[in-house]
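Only one structure is covered here, and it is reproduced in the block below.
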Amino acid sequence: MSVSAGDVLTALTDAAPGPGLEKAPTGVTGLDQITGGGLPRGRVTLVAGSAGAGKTLLGLEFLVAGAREYGEPGVLVTFEESAAKVTANVRSLGFDLDALQRDGLLAVLAFEVDPGELVATGEFDFEPLFLMLSDAIERVGAKRVVLDTVEVLFGAFGADAIVRGELIRMARWLEGRGVTAIVTGERGDRSLTRHGIEEYVSDCVIALDHRVREEISTRRLRVLKYRGSAHGTNEYPFLISARGFFVLPITSMVLEYPVFEERIPLGIDRLDHMLGGGLFRGSAALVTGSAGTGKTSLGGYLVNAACERGERVLLALYEESPEQVMRNMRSIGLDLQRWVDAGLLRVWAARPSASGLETHLAILARLIDEVAPSVAVLDGVASLSYGASGTEVAGLVDRKFNLLKAAGVTILATALSSGDETSAMPMSSMVDTWLMLRNVEHDGERNRLLYVLKSRGTAHSNQVREFVLTNDGIELVDVYVGAAGVLTGSARLAQQAAERDAEGLQAEGLDRHRRELHRNVVKREADLVAVQDQLDAERAEIDQIDRRERHQMAESEADRVAMAARRWADAAPGSGGER
Amino acid sequence: MSRPGSGDDGTVTDPEETWDLRLYVTGRSPKCLRAIENLRRACAEHLAGHYSIEIVDLVENPSLGAADQILAVPTVVRKLPAPIRKLVGDLSDTDRLLLGLELRPPEVPRHDR
């Protein structure tokens with residue numbers, strides 16, 4: 001990952017707002033991060049954007065969040081729609097403006113300014129607006145005000161100089177009252193807003209953009225100006241979904257992720273063994289390979305294994321429909337539907353062309369928010385390159401990984417590659433584990449090989465394995481590496497058979513030898529017994545001879561003594577005479 | 001069509017018809033005072049006896065302007081005859097005042113109106 005010094009600086013300063021400048025949180029996910037805490041408190045912020053860019057919604061989120069979460073009631077002044085219409089429009093986003101008004105947390109002043117109805121003749125001022133606004137602010141104790149869209153006033157009154165003067169007065173007046181305000185403005189052709197109000201109205205300018213490229217639309221937000229505060233200057237993608245405004249909590253450029261020692265097995269024993277027990281929790285794995293190498297199946301295994309442990313899993317599909325994947329996984333013995341039914345697995349599928357890269361990213365961020373998965377499998381990330389350049393896709397995948405890693409989610413992404421392993425995608429530095437599946441063609445058949453190209457923090461196996469998909473699942477088989485190269489499939493089977501034969505021959509020879517030796521041993525043991533017997537017999541004989549000799553000697557001594565006694569020999573008895 | 005009234009310049013006034021005008025002001029600012037004066041003079045000139053002017057001061061009750069969607073002052077609203085017309089400003093531009101309240105027919109079209 002390339003992190004420039006500027007990015008790091010941005011990331012650091014974002015987190016530390018300058019002293020003295022108080023901020024009012026917007027409650028919009030992501031925006032508060034970019035601005036280092038929210039909009040300048042007690043100042044006016046201009047939100048500029050073309051029609052449908054989401055200006056009104058941003059303003060409303062600011063008010064609703066203020067009222068509900070930050071104890072700051074607000075006033076909405078709208079010049080475009082009736083109160084009923086505004087209320088109806090945002091009800092689908094879960095904003096109940098009626099309830100907020102009943103609770104005294106929100107006041108709505110709606111003016112339908114019809115340009116055809118008004119004629120300006122001479123000087124005027126917006127005193128009634130000031131009076132009503134003042135009234136409303138006091139009534140609800142407002143700390144926040146949104147004026148939507150002031151550009152309408154220019155068109156309606158047709159006296160730009162007066163309207164501009166009054167808007168400046170309004171901005172100063174709001175600041176004087178200490179309320180934090182958002183003024184929305186229509187995007188102009190050359191300037192940020194049609195009537196150039198960014199020049200004088202605000203301390204903070206946020207531009208919303210709705211761009212279409214290659215027929216794919218992407219919404220972006222950018223903080224153009226923030227007086228007295230550091231802010232992220234990038235364009236940040238955002239999403240308007242059923243849950244409102246959502247700015248991507250970016251490219252947090254700081255490489256800080258939760259780190260785990262725990263291993264997550266993929267559920268394929270031999271592969272887990274090759275990886276030293278599985279993937280590290282919170283790490284990112286990439287599976288690349290050409291078409292039909294079984295990338296999705298690997299992902300399916302991880303999903304299944306995680307769900308079996310009772311973990312929540314997000315499966316994002318960029319190539320196939322959920323039904324198709326479910327069916328295909330069933331064919332290798334994986335029933336993923338039961339995990340969906342059990343509420344553990346959330347499958348989300350979208351055509352890559354359905355929206356821009358950033359939108360995909362924002363959707364993913366939202367899904368992470370909703371599902372809170374511990375494992376995420378992104379299938380077919382390379383397909384996202386539809387209508388985008390390689391670097392853009394790499395950037396996108398990078399941000400996706402960042403997002404997931406920051407949330408401590410274990411990631412497995414699969415990407416189609418066209419044979420050449422290293423150019424698969426310029427994303428290898430983002431992934432901790434890189435598995436490559438490869439088709440090898442040999443003897444008229446294609447077989448799959450699995451390599452572990454990289455596995456950070458792991459003494460991983462450098463072995464190639466054959467990757468076999470069966471009705472019962474994935475099996476990894478040793479391949480044969482010989483002079484003819486790596487043998488797989490039938491060639492491997494043939495080699496296995498040949499080796500078995502060779503082993504058989506060898507075994508026979510050994511057996512014969514063993515039998516022979518055995519026989520010898522038996523014989524020698526028998527011999528040993530015979531010799532021992534002989535030895536014993538001879539020892540016994542020696543003993544007998546000794547005994548006899550001693551007996552004879554004793555007898556002859558006695559005879560001699562007896563004889564001497566008879567002769568009256570003078571030698572003392574027993575003192576030893578002649579022998 | 002020729003009608004009685006003060007109109008020698010083709011002012012359209014029905015003897016039965018009353019012009020119901022409402023002028024919104026805030027306090028006694030110079031702009032508002034000028035507007036009151038300008039409106040009274042124009043009406044006296046063109047609608048003698050056939051008009052009523054109601055002056056509403058929003059300082060006392062800002063919400064009174066809500067019904068007529070009053071954002072700016074001075075604003076004169078022609079309640080009758082229909083359709084409702086709104087003029088914003090101190091009414092110092094007499095031509096636009098007459099045109100805006102349709103006290104005088106537009107000059108450009110030559111045929112009937």
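The values are calculated or read from the model by the stated rules, or taken from the named source; none is laboratory data. Keep in mind that what you see is a predicted model, and the values were worked out from it rather than measured. Quick reminder, even Gly has a Cβ in these numbers, built from the backbone with ideal geometry, and neighbours come from all protein chains shown.
Structure notes:
- Residue ID - modelled with the highest pLDDT, chosen from residues in the range A:84-138 that are assigned to a helix (DSSP H, G or I) and hydroxyl-bearing (Ser, Thr, Tyr): A:Ser134
- In the range A:70-81, the residue that is nearest to the other protein chains (Cβ to nearest Cβ) out of those that are assigned to a loop (DSSP other than H, G, I, E, B) and closer than 12 Å to A:Asp148 by Cα is A:Phe79.
- Selection over the range A:411-429 of residues that are surrounded by fewer than 21 Cβ atoms within 10 Å (Cβ to Cβ) and at pLDDT 70 or above gives a count of 1.
- Scanning the range A:283-304 for residues being more than 15 Å from the chain's Cα centre (by Cα) and within 16 Å of A:Val452 (Cα to Cα) gives a total of 7.
- So A:Val152, is it more than 9 Å from chain B (Cβ to nearest Cβ) and crowded, with 23+ Cβ neighbours inside 10 Å: no
- The range B:60-81, residues that are under 16 Å from the mean Cα position of the chain (by Cα), aliphatic (A, V, I, L, M) and facing chain A (nearest Cβ under 7 Å): B:Ile70, B:Ala72, B:Val73
- All conditions but one from (1) within 19 Å of A:Gly59 (Cβ to Cβ); (2) more than 9 Å from chain B (Cβ to nearest Cβ); (3) in a helix (DSSP H, G or I) apply to A:Gly178; the one that does not is (3).
- Of all residues in the range B:37-49, one or more are buried (at least 19 other Cβ atoms within 10 Å of the Cβ) and within 9 Å of chain A (Cβ to nearest Cβ).
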